[in-house]
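Everything on this sheet refers to the single structure shown next.
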Amino acid sequence: MWAVSAFGQTGFPLTGNFEGWRTLTIGDSEQGSTLRLEPTLNRDWIVHGGSGEARRVSITTTLKPDHGRGNQWKVAGVACYAADDRYWHLALVESPNADGAKHFFELSEMLDGAWNAQTNLPDHMDRGSASWEFGHTYRLSLTLNPDGVVGEVREGDAVLFRERRDFTLGSKAAKSGRAALTTGAMAAEFSNVEAVESEWSPKAPAAAQFGAYPGSKGHFFKTRFTDGKWWLTDPADKPFLAVTTDHVNYNAHFCEALGYAPFHRNLERIYGDEKTWAKAASDRLKSWGFNSLAAGCSPSLRRRGLPYTEFLSFGTAFSDTAAIVAKTTWTGWPDVFDPRWPKFCRLVAANTCAAEKEDPWLIGYTLDNELEWFGKTGQPWGIAEGAWQLPKERAAKVALVDVLRAYYEGDVSRLNQDFGGSFAGFDAVLDSTAPLPPKTERGRQGLMIFVRLAADRYFSVTTQAIQAEDPNHLILGCRFAYDAPVPAVEDAGRTCDVVTVNIYPRVSLATGAVFGLKEHLDEMAQRTGRPLFVTEWGFPGLDAVDTTGKPVPSTQGAGMRVDTQAQRAVCFRAMQTALFSHPNVVGSSFFMYADEPALGVSKSFPENSNYGLVSETDRPYMPLVKVATELNPTVASIHRNPPSLTSKAKDWLKPYAVEPSGITIRIEGSRFSVETRQLRLIKDADSGLAFDHVSLKSERGWVDLGTYGPVIWLRDRGQNSWESPSRVEHVERTGPGELRVMLSGAQARTVVELRFLADAPYFLARVVSVQSTAAGPVSLRGAYHYPLWRAAEAATVQPFKPGVPDYWLPFGAWMSPHGDFALGALAQRDDPVFTVYFWRDDNLHADFLRALEVDLAPMQTWHADAVEPWAAIFLTRIDKAGKPDLSGVLAVH
């Protein structure tokens, strides 16, 4: 779980019979000559030896496996250990298997983060057919020398397993380390331990180990506030802004469905080895204007001229041992009241920070990533509800009840009033595992006291653990998932040097406006008083393909979806510019370097999106890279002198001039029709619809698909109403291919503008005025565009939405029950004033809403301004994939 220095003395020293060993786990207990490791869900280590690594290592122990924990791989054994990404182990293994776990022995190598790396080495083995059992005693011995590594397992005098791997042919391998005992999700007892090490490699001086930072004055990265703006400063004491990207990793991204990482396989084929790739990747990043390394980057990229950040994962890791919010498919939230929490944090810091405290290339430490600060309920007090669900012996449950007991001054009747409970006393609350939602503000505030206490314990313990081992480097927050409860954000500002947050906003491709970003960053800055580092953001495109040429689905994960890589480049420019225009932002990390697998990462983490700067075949997305190369080197100038940005989107349409040919418009009183080369639109009934028939031309003639009209949303004395006009009051031609239609109803008079193109499978519509005809004041909440399928088939028509989350344009459609045609609406502008929900209950609902919030007196009129957005009402065929064919419709953009 933690990267341990190859040279440093890390962990806590043991005593007694295990003097000279150091523990890297919270699950150890010494009983005379026996050491017992309890089953945490992390990989745990007890390491022998002094400073450095030995080229000759021998370790022998008697091992008694006791029991396992959880449904995952379980191991217990001995090791030659250098770091978490480089070691050999000889272990008893239990596989996860719903039909019955299998027990076997293995001699395996972790090399530079790649598991089972020993398969490249010649082997000599006598694995045997025996398995092992809990409660039995085995003798394990592991020997490493310059010639190879040998592992053997005996039960009594019987050899159950023996394997040797040969180093003599010069194959790359982990050829040094220290003797170690190890477990993972398994309780085991170790006794009669013998360890011998020789031919030590001494610890390198810090300057040789890390390399000098250019122009360094012996400083480290710090923060500085000057002229109303926050900056980082580098070890040369020069202003610095971190411009980086996540997961530049030689081993990314593993695909559970394939059983391997397709990106990694392509890198092996292209570069041959990691060293060659690391040079190429770091050179590439620098040429694209990136100046540092972010989360998930291969250690092999370090020492190549790019500062880096270190990831510690305090809370996520401890949630495997004790959680307030269980880690299911996400990160969980740790039980920070558990008495083991401080020791765990000290171990994490000792194992990583102590070894890196003199490194000038390290920017700082990130505590965690996207902990579940809102629990499973999404409420600000969600952590408290998580603690309420725990059994009474758990530390967090006791802490919660103690908080509530003090808050209510021992009067449980007041708690019952606030939560609708019937508890006889606070001991009964302690016994309860079904949280009651708070019904009053007083009850909510009681739970928030617990949240503040938990946040304080999280940030105080983690930051103090880091500072005890490394007072030199920055603490970079815990990467909030957009937001967190107020106490958590405030505590981050109190204890961390920089506050980190992941944000996936929407961007206007027309104007470059990043909706809501400045407002959210302003709020975070006001709450924390600290510089901000936006550590994830991205915009997946829908035109990417994987190694096999199949589309990358981009159906899982965050971020606004766009259609093309050119649009991604527009979004990149807009977001990067907006970020560094903010006075508090000192860093930006684009998510991420390489695309995820089209089949997803795993069942529990199914992300499958086009997040990459490069494809799965390591090809750069050139529109994106070109913008990054141009923009990234200018961020300091942007930070000093931000460009003028506007959140007011402009009309996308060029000056409208449609030739009369190809469009026929006829008006007879309140009846009218429009015909283009693709559409026939008819108003021929006494109704409040703008068109009683909307038809598409096909090889079998005109196909009547449905109707179109506006619906007005009003609120009168607290009651919502949806006003459908009852008649057409007036219609006039306002220009070539243009109509203005006035429709009247009981409470409102609505004017709609319509535009038509000769060869387009859509027409444009917008509501330009609404006059209240109600007897009293009303609130105008919005105007709907309502394309509805023909009534005869309404019972069988199906709604369709984009097959990806957060599509860049609001849009929806009705799908023909025969699978041939679609009728829908598409926002002509990517603005949050539009929301689109095509759905059905007893009726069809084409809820294409243009949101408004205007108070109107009787006969008062709301008028749209000159840039009022349009909706494209489209009629089209179903494509081969069973979706509306939007190729001709998206041309409007």
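The values are calculated or read from the model by the stated rules, or taken from the named source; none is laboratory data. Here the structure is a predicted model, which is why all the values come from computation and not from measurement. Don't worry about glycine lacking a Cβ; one is built from the backbone with ideal geometry, like all the others, and counts go over all protein chains shown. The area values use the complete protein model at the heavy-atom level, side chains included, leaving out ligands, DNA and RNA. Shrake-Rupley method; radii C 1.70, N 1.55, O 1.52, S 1.80 Å.
Summary table
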| item | result |
| --- | --- |
| PHE311 being at pLDDT below 95, under 17 Å from ASP456 (Cα atoms) and in contact with a strand residue (DSSP E or B) (Cβ under 9 Å, 6 or more places away or on another chain) | no |
| Matching entry among TRP381, TRP330 (being touching a residue at least 60 places away in the same chain (Cβ under 8 Å), aromatic (Phe, Trp, Tyr) and open to solvent by 10 Å² or more (accessible area, probe 1.4 Å)) | TRP381 |
| Leading residue by the ranking (nearest to HIS730 (Cα to Cα)) among those in segment 740-790 that are of a type in the set (A, V, I, L, M, F, W, C) and without any contact (Cβ under 8 Å) to a residue 40 or more places away in the chain | MET742 |
| Exclusive hit being open to solvent by 30 Å² or more (accessible area, probe 1.4 Å), part of a loop (DSSP other than H, G, I, E, B) and modelled with pLDDT under 90, set ASN71, ASN17 | ASN71 |
| Boolean, ALA864 is surrounded by 13 or more Cβ atoms within 10 Å (Cβ to Cβ) and at negative phi | yes |
| Top-ranked residue of segment 207-261 - restricted to ones that are closer than 24 Å to ASP546 by Cα and of a type in the set (A, V, I, L, M), ranked as surrounded by the most Cβ atoms within 10 Å (Cβ to Cβ) | VAL248 |
| Any pair with Cβ under 7 angstrom, 6 or more apart, that starts in segment 140-169 at a residue that is at positive phi and ends at one that is part of a strand (DSSP E or B) | GLY148/ARG164; GLY148/ARG165; GLY148/ASP166 |
| Contacts under 6 angstrom Cβ, first residue in segment 702-718 being of a type in the set (Asp, Glu), partner part of a strand (DSSP E or B), 6 or more apart | ASP704/HIS693; ASP704/SER695; ASP716/VAL778 |
| Filter result for GLY156 (at pLDDT 90 or above, open to solvent by 40 Å² or more (accessible area, probe 1.4 Å) and of a type outside the set (A, V, I, L, M, F, W, C)) | yes |
| Where LEU788 falls short, out of the listed (1) over 18 Å from TRP870 (Cβ atoms); (2) modelled with pLDDT under 90; (3) of a type in the set (A, V, I, L, M) | (2) |
| When residues of segment 48-68 are limited to those that are surrounded by 21 or more Cβ atoms within 10 Å (Cβ to Cβ) and either of a type in the set (D, E, K, R) or at pLDDT 90 or above (or both), the one nearest to GLU155 (Cα to Cα) | LEU63 |
| Residue ranges of helices (runs of 4 or more DSSP H) in segment 561-642 with at least 1 members charged (D, E, K, R) and touching a strand residue (DSSP E or B) at 6+ places or on another chain (Cβ under 6 Å) | 565-581 |
| Residue in segment 632-641 that is modelled with pLDDT under 95, out of contact with any Ser or Thr (no Cβ under 7 Å at 6 or more places or on another chain) and of a type in the set (Ser, Thr, Tyr) present | no |
| Per-region count, segment 396-430, residues in contact with a Pro (Cβ under 7 Å, 6 or more places away or on another chain) and either at pLDDT below 95 or not acidic (Asp, Glu) (or both) | 2 |
| Strands (runs of 3 or more DSSP E) completely within segment 262-372 that count 3 or more residues being hydrophobic (A, V, I, L, M, F, W, C) | 323-325 |
| Checklist (1) part of a strand (DSSP E or B); (2) open to solvent by 20 Å² or more (accessible area, probe 1.4 Å); (3) under 15 Å from PRO761 (Cα atoms) applied to ARG677, failing item | (1) |
| So PHE419, is it in contact (Cβ under 8 Å) with a residue 12 or more places away in the chain and open to solvent by less than 20 Å² (accessible area, probe 1.4 Å) | yes |
| Any hit, segment 393-408, residues being of a type in the set (Ser, Thr, Tyr), over 20 Å from GLY378 (Cβ atoms) and not in a helix (DSSP H, G or I) | yes |
| Candidates ALA488, ALA513, filtered to the one that is modelled with pLDDT under 95 and touching a helix residue (DSSP H, G or I) at 6+ places or on another chain (Cβ under 9 Å) | ALA513 |
| Count of segment 133-148 residues which are crowded, with 18+ Cβ neighbours inside 10 Å and modelled with pLDDT of 95 or more | 5 |
| In segment 393-414, the residues that are of a type outside the set (Lys, Arg) and within 20 Å of ASP338 (Cβ to Cβ) | GLU393, ALA395, ALA396, VAL398, ALA399, LEU400, VAL401, ASP402, VAL403, LEU404 |
